[in-house]
Every structure is written in structure tokens, then in C-alpha cells.
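Enquirer: Questions regarding the structure given below will be posed in turn.
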Amino acid sequence: MANGGFNFKGIQTKETLEKNTASADALTKKRKELEEIAFLALAKIIENISSENQGELQKKLVLDDTNRVIDDILYESKRNLSFSDKQKVAGYVMDEIFGYGPITSLINDGTITEIMVNGPESVFVERQGKIMRVENSFRDDTHIMHIIDKIISPLGRRIDESSPMVDGRLPDGSRVNVIIPPLSVKGPTITIRKFAVDPYSLEDLITFGTLNQDMAKLLKACVRGRINILVAGGTGSGKTTLLNVVSGFIPDNERIVTIEDAAELQLQQEHVVTLESRPPNIEGKGQIAIRELVINSLRMRPDRIIVGEVRGGEALDMLQAMNTGHDGSITTIHANSPRDSLARLETMVMMSGMELPSKAIREQVSSAIDLVVYVARYTDGTRKISKISEITGMEGETITMQDLYVFRQDGFDEGGSVIGKHIATGIVPSFMEKLKAYGETIPSSVFTPDRRL
């Protein structure tokens, strides 16, 4: 992405464009041929596979059988394949049997953070914050439904026309959302949000430019000093990643209860209780909502309550927990700005069914939440904390806030990357005395703005 002007070097001639198109068509034709052979091989060996034994020995036996069947198919059809192409065919077959079909390689790719299946021939991924199309494809909608069944069956979930949406997770912790017709008009859709096998550390986020050293010192002191924190941001902005990192500052001697729709948090402390909501069963009964888990968690003697995301009436119970002795609790919320996150909290409290006046709700919010950390995803795909804001109280019927840190964007470099810097506003938060009561001190230099800016 250039800052201005045109780049004629990137413009293809008609001949070059036709050549590239022909090359892409040839690759697609070759891939389709290999997939066809893999499908024939799969049909021949599937009956001999024991579903009870999925170990390494079973995989080796199946691979040996697959290679033999592939050779038979090539001999019968008088076709020849290179050794590497035979390996690809065998890989397709093994992915169908022991993995998740065409998306297995994407799930195993550590550089991919999101996988989006929009249809048999429409598969996209997110790499380094950028969405791109990949050549992986399914045979048809039935093939996609088969993979969906492999994903959700171990979870005890079901999906059909009467229940066309499912949230779940893969064995590695990746979050999965599935939606099928009639709600998904163009066919079955799969969205997989992947998480790092090794959770990101604070040093990783500093290296990525998500925050700087001074902001890290502030957040660490706030978590250890039992400041109630609301992490806000848009979809895919890195809220859960940041929540994972800051929750790592919670002392090991505290009892933590986490509450989520699909367990994603990877807390490293020893004393952690993980609660997960439950959808209704086939009879439409047995649903356990987030709100019920929040209420129940108060009876579990928690030192801290961490709610993966508030999106409904549980917001009221979370605020009440923060106001009644569970200081240091953390939650996330979808919002477009720190101010918008407070308005959304107010709306969610109204969803609880309690008829409270707006002023009373805002007083609950202002007394419960101490700090709003807003995370944003920028145009170059990077995630950064764009604001750290303190809630200072009420003026009339308005919640008052002040920014402690902001990210100032200065433009883009030649590669299209965002240029900018996190800066302190110079405001010292009013909760400093509370931090001192818990033995936490923050150097005054953390809040000193850079006079050179």
C-alpha cells in the first residue's frame, strides 16, 4: 500500500495476465485431479478402518493401505503421478480420516489466525491480520456437512434445520462457529478462530507494538491492585488475547472463576475454575446461560471473576459482583470506543429485565468499572491498545472518563504498516491510593508525557 501516486511496476500486460490465468487454471485442474484420486482411494479403504483405534499404529496401517490403493487406482486408470503428487493424494485421504478434511492443513498452520469456509469453493484465512483466499476446497455442501459433523459430534452438540447454529471448540482450544441453511442462504458456513498453542506473553505484545513498557507497568499494577477492568474492542481486535495476558498478573494464591460461552482463556494459575455455558438439548431443554453461571459463581468463593464476554443480562450480575467484594474482576465487551462500551453496558443491564432508571444503572457502572482498555485492529492488520481510560465518577447523569494513554497514528510507511506511538496524556489516575493499599506502586514517570512529541 503506497502513501500516494501510482505504481506502474505492478500493472500486468495483457499477455502476462493471460499467462498467469492459464497457469492458475492448470494448477486448479491438477489439484482437482489429485482430489478425485484421493476420493476414489478413500471410498475403497474407508470400510477397513477401525473407528475405535485412532492411534499412531492405526494411522501407519491406514497410510500403508492408502499408498497401495493409490498405486492400484493409477495402474487401472493408466495414469502416472510424481512421488510428491502421490504424497499429496495420501495426505488428502489421511486428512479426511483423521483430521478435518481440506481445512486440516489450515488448522495446523501456525501462521493462520482465522479460517472462514463460505462454501465448497470459497475458503478464506487470516494471516498477520490480512484476509486472503486459499485454494483449499470441498467437493460440495455434503462434504462440508460431513466435516461439521466431525467437529461437533465429540462436543455432544447437534446441528440441523431446527437448530442451525452451533458454537464449540476444537481439541486445541480453537473456537468454532457453524451456521447452516436455512439461516445460511448459500450453504453451510464454518468460522474457526485459532489461538496460539503457546499463549502470548506480555513481552510478545510489547514486541508486536500492542502496548509499551509504561502501559505494561500500569496494567500489571492495576491487576495486582484489584482494579476492575473492562477490555473493549471490535471483532478480532485481540480482546481475548489481551485478557489472557493481563490475567497472568493475578497472584497464584487467589481463587479465579472464569465464565465463557466456549472456553478459550488459557490461565496459567493453579487455582482456576473454568465454567462454560450450555445450549439447549434436542428437546429444547437444559440450557445454562452465562447469567446463571455468573450468579452461581458468587457461591463458589471466588477472589476474582473473569467473564470472557458480556453480551446480555449477565452484565448486571457482573457489575453487582464487582461492587460487592469481588474487586479485580475482568471482562470483555464488543464496542467501538471506551465511551461506547459504557453505553452498551447500560443497554445490557436493561436486558436483564430489571426496571432500573438510567441514572441508577450509570451509577452502578461508574462505581464498578475502574479502567477501560480499548483494543483496535488497524488497517495493516496489527492490534494495538488505542486507549486506556479511567472512569472517575458521575457528573449529573453522565459517567466521567479521562484518558491515561492513547495511541497516536502518524501515517503509514512504504510497506503500508501503521506508524505511530503510544503516549501518556500526563493524567495520574485517581486510584493510586487503592493500589498503594495493595502494595503496588507505579513510578510517576509512567504518566509523564514525552515533551518531544
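Enquirer: Just for the range 389-428: of the residues that are in contact (Cβ under 8 Å) with a residue 40 or more places away in the chain and not in a strand (DSSP E or B), which one is nearest to GLY225 (Cα to Cα)?
Expert: Filtering the range 389-428 for residues that are in contact (Cβ under 8 Å) with a residue 40 or more places away in the chain and not in a strand (DSSP E or B), the one nearest to GLY225 (Cα to Cα) comes out as GLY416.
Enquirer: Also, I was wondering about something else. Would you pick out the residues in the range 299-334 that are more than 20 Å from VAL245 (Cα to Cα) and either among the polar types (S, T, N, Q) or within 23 Å of the chain's Cα centre (by Cα) (or both)?
Expert: ARG311, GLY312, GLY313, GLU314, ALA315, MET318, GLN320, ASN323, THR324
Enquirer: Looking at (1) touching a helix residue (DSSP H, G or I) at 6+ places or on another chain (Cβ under 7 Å); (2) aliphatic (A, V, I, L, M); (3) not assigned by TED's automatic domain parsing to the domain that holds SER430, which one does LEU275 not meet, given that it meets all the others?
Expert: Evaluating LEU275 over (1) touching a helix residue (DSSP H, G or I) at 6+ places or on another chain (Cβ under 7 Å); (2) aliphatic (A, V, I, L, M); (3) not assigned by TED's automatic domain parsing to the domain that holds SER430 leaves (3) as the failure.
Enquirer: Moving on. Which of the residues belonging to the range 58-105 are surrounded by fewer than 16 Cβ atoms within 10 Å (Cβ to Cβ) and of a type in the set (Phe, Trp, Tyr)?
Expert: Within the range 58-105, TYR75, PHE83, PHE98 meet the criteria.
Enquirer: Considering every residue within the range 256-266, establish whether at least one is of a type outside the set (A, V, I, L, M, F, W, C) and more than 21 Å from the chain's Cα centre (by Cα).
Expert: Kept after step one, since they are of a type outside the set (A, V, I, L, M, F, W, C), are these residues of the range 256-266: 258, 260-261, 264, 266.
Narrowing further to those that are more than 21 Å from the chain's Cα centre (by Cα): none.
Checking the range 256-266: not a single residue is of a type outside the set (A, V, I, L, M, F, W, C) and more than 21 Å from the chain's Cα centre (by Cα).
Enquirer: Here is a further query. Among residues belonging to the range 291-323 that are buried (at least 16 other Cβ atoms within 10 Å of the Cβ) and either in contact with a Lys or Arg (Cβ under 8 Å, 6 or more places away or on another chain) or not assigned by TED's automatic domain parsing to the domain that holds HIS271 (or both), point out the one that is nearest to GLU363 (Cα to Cα).
Expert: ASP317
Enquirer: Identify, from the list ARG344, ARG383, ARG362, ARG339, the residue that is of a type in the set (Lys, Arg), in the same structural domain as ILE250 (by TED's automatic domain parsing) and under 23 Å from GLY248 (Cα atoms).
Expert: Values: ARG344 fails: under 23 Å from GLY248 (Cα atoms); ARG362 fails: under 23 Å from GLY248 (Cα atoms); ARG339 fails: under 23 Å from GLY248 (Cα atoms).
Being of a type in the set (Lys, Arg), in the same structural domain as ILE250 (by TED's automatic domain parsing) and under 23 Å from GLY248 (Cα atoms) holds for just one of ARG344, ARG383, ARG362, ARG339, which is ARG383.
Yes/no per residue for (1) under 26 Å from LEU202 (Cα atoms); (2) in contact with a Ser or Thr (Cβ under 8 Å, 6 or more places away or on another chain); (3) of a type in the set (Asp, Glu):
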{"residue": "LEU218", "(1), (2), (3)": "yes, no, no"}
{"residue": "VAL223", "(1), (2), (3)": "yes, yes, no"}
{"residue": "ARG226", "(1), (2), (3)": "yes, no, no"}
{"residue": "GLY233", "(1), (2), (3)": "yes, yes, no"}
{"residue": "SER237", "(1), (2), (3)": "yes, no, no"}
{"residue": "LEU243", "(1), (2), (3)": "yes, yes, no"}
{"residue": "PHE249", "(1), (2), (3)": "yes, no, no"}
{"residue": "ARG278", "(1), (2), (3)": "no, no, no"}
{"residue": "ARG301", "(1), (2), (3)": "no, no, no"}
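Enquirer: Can you name the residue in the range 158-183 that is of a type in the set (D, E, K, R) and out of contact with any Pro (no Cβ under 7 Å at 6 or more places or on another chain) and is also farthest from ALA289 (Cα to Cα) among such residues?
Expert: If we filter the range 158-183 for residues that are of a type in the set (D, E, K, R), which is where we start, we get 158, 160-161, 167, 169, 172, 175.
So of that shortlist, the ones also out of contact with any Pro (no Cβ under 7 Å at 6 or more places or on another chain) come out as 158, 160, 167, 169, 172, 175.
Numbers: ARG158: 18, ASP160: 21, ASP167: 13, ARG169: 17, ASP172: 24, ARG175: 18 Å.
Taking the candidates together, the pick is ASP172.
Enquirer: Check the range 376-399 and report whether any residue there is out of contact with any Ser or Thr (no Cβ under 8 Å at 6 or more places or on another chain), surrounded by fewer than 17 Cβ atoms within 10 Å (Cβ to Cβ), closer than 26 Å to GLY236 by Cα and not hydrophobic (A, V, I, L, M, F, W, C).
Expert: yes
Enquirer: Next question, about the same structure. Take the range 110-125 and flag every residue that is out of contact with any helix residue (DSSP H, G or I) (no Cβ under 8 Å at 6 or more places or on another chain) and under 19 Å from ASP198 (Cα atoms).
Expert: Listed by number, the residues that qualify are GLY110, THR111, THR113, GLU114.
Enquirer: Which residue pairs have Cβ atoms under 9 Å apart, sit 6 or more places apart or on different chains, and have a first residue in the range 239-252 that is closer than 13 Å to VAL272 by Cβ and a second that is in a helix (DSSP H, G or I)?
Expert: Taking only residues 6 or more apart or on different chains, the pairs are SER247/VAL223; GLY248/LEU202; GLY248/VAL223; ILE250/VAL223; ILE250/ARG224; PRO251/ARG224.
Enquirer: Among the residues of the range 357-388, count how many are farther than 22 Å from ASN228 by Cα and touching a residue at least 24 places away in the same chain (Cβ under 8 Å).
Expert: So the first thing to find is which residues in the range 357-388 are farther than 22 Å from ASN228 by Cα, and the list is 357, 377-383.
Then drop every residue that is not touching a residue at least 24 places away in the same chain (Cβ under 8 Å), which leaves 377-383.
Final tally of qualifying residues: 7.
Enquirer: Related question: Looking only at the range 283-313, count every residue that is among the charged types (D, E, K, R), outside any loop (DSSP other than H, G, I, E, B) and modelled with pLDDT of 90 or more and tell me the total. Outline the logic, then answer.
Expert: Pass one, the range 283-313, residues among the charged types (D, E, K, R): 283, 285, 291-292, 299, 301, 303-304, 309, 311.
Subset that is outside any loop (DSSP other than H, G, I, E, B): 291-292, 304.
Narrowing the set further to residues that are modelled with pLDDT of 90 or more leaves 292, 304.
Number of matching residues: 2.
Enquirer: Here is a follow-up. Counting only residues that are polar (S, T, N, Q), under 30 Å from the mean Cα position of the chain (by Cα) and within 16 Å of GLN213 (Cβ to Cβ), how many does the range 408-453 have? Even if it seems obvious, please write down each step before you answer.
Expert: Filtering the range 408-453 for residues polar (S, T, N, Q) gives 409, 417, 425, 430, 441, 444-445, 448.
From what's left, under 30 Å from the mean Cα position of the chain (by Cα): 409, 417.
If we keep only those that are within 16 Å of GLN213 (Cβ to Cβ) too, we end up with none.
The qualifying residues number 0.
Enquirer: Kindly check whether there is at least one residue in the range 139-156 that is over 30 Å from PRO280 (Cα atoms) and of a type outside the set (Ser, Thr, Tyr). Write out each step before concluding.
Expert: So the first thing to find is which residues in the range 139-156 are over 30 Å from PRO280 (Cα atoms), and the list is 139.
From what is left, the residues that are of a type outside the set (Ser, Thr, Tyr) are 139.
The answer is yes; a qualifying residue exists.
Enquirer: Taking the range 122-139, which residues are at pLDDT 90 or above and among the acidic types (Asp, Glu)?
Expert: GLU126
Enquirer: Follow-up question, since we're still on this one. Does the range 256-273 contain any residue that is in contact (Cβ under 8 Å) with a residue 12 or more places away in the chain, in contact with a Phe, Trp or Tyr (Cβ under 9 Å, 6 or more places away or on another chain) and part of a loop (DSSP other than H, G, I, E, B)? Please lay out each step first, then the result.
Expert: Here is the first cut: in the range 256-273, the residues in contact (Cβ under 8 Å) with a residue 12 or more places away in the chain are 256-273.
Pick out the ones that are also in contact with a Phe, Trp or Tyr (Cβ under 9 Å, 6 or more places away or on another chain) and you get 264, 266.
Filter once more, keeping what is part of a loop (DSSP other than H, G, I, E, B): 264, 266.
Among the residues of the range 256-273, at least one is in contact (Cβ under 8 Å) with a residue 12 or more places away in the chain, in contact with a Phe, Trp or Tyr (Cβ under 9 Å, 6 or more places away or on another chain) and part of a loop (DSSP other than H, G, I, E, B), which makes the answer yes.
The values are calculated or read from the model by the stated rules, or taken from the named source; none is laboratory data. Values in this document were obtained by computation on a predicted structure and should not be read as measured data. Neighbour counts are summed over all protein chains in view; Cβ atoms, including those assigned to glycine, are modelled from backbone coordinates with ideal geometry.
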